[in-house]
Amino acid sequence: MKFAIEELLVLATRLDNAAAQCKAKAFKLRAAVLQMDEADAEDARAKDARHYAEVCRYFHKREAEREKATGNPPLWSDVIEFVTSEPELSAWPEADVRSWFNHFESNGWLVSGKAKMKNWKAAARNGFSNWRTKHPKKEGLLTSSSPDSDPKGWREFLKAKGCPYKPHAFGVPHLKDEYLCMSL
């Protein structure tokens, strides 16, 4: 059973209260002297409740540290809402968005496994840009089926920039990125 981080402290408090009640009941039973077995059982329940309260506090502390380290990561619904609301990201297939989301969800929203991600929306735009560079055929940007062929308008783009022709596959990366951004 998974609890939200706030629920862990509430549960720990309830368990502490239960432990105190069991301890009080055990004390009363011991005072009656006749019910020692029941008193021992109440002591055991109190010990268990205190143990589970400590477990709850431990997980609360761990989750709080994780949340502090990774900020407030987005939910899947936040990501899909953002992607569908941004016109330039609408071409990104949901399966690839899910793959991007799962990648960062699995590593705790850390960049390169070390630094906390500061802006997941910028990372999503970057993820789309990377996807688009790797999958121009899916967008209908290629003029032929060859993966090394130039995208539509590549020669005209270079000519407008005053750059000598170079095949898209061997083009300067910043020009490729600029071309892809223009074709959105």
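The values are calculated or read from the model by the stated rules, or taken from the named source; none is laboratory data. What you are looking at is a predicted structure, and each value in this text was computed from that prediction instead of being measured. Cβ placement follows ideal geometry from the backbone for every residue including glycine, while neighbour counts extend to all protein chains displayed.
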Query raised in the report: Restricting attention to segment 59-82, does a residue exist that is farther than 30 Å from residue 180 by Cα, surrounded by 12 or more Cβ atoms within 10 Å (Cβ to Cβ) and free of Cβ contacts under 8 Å to residues at least 24 places away in the same chain?
Result: yes
Query - Per-region count, segment 105-119, residues touching a Leu at 6+ places or on another chain (Cβ under 9 Å) and part of a strand (DSSP E or B) - result: 1
**Report entry** Output for segment 61-84, where each listed residue is of a type in the set (Val, Ile, Thr) and at pLDDT below 80
**Finding:** 70
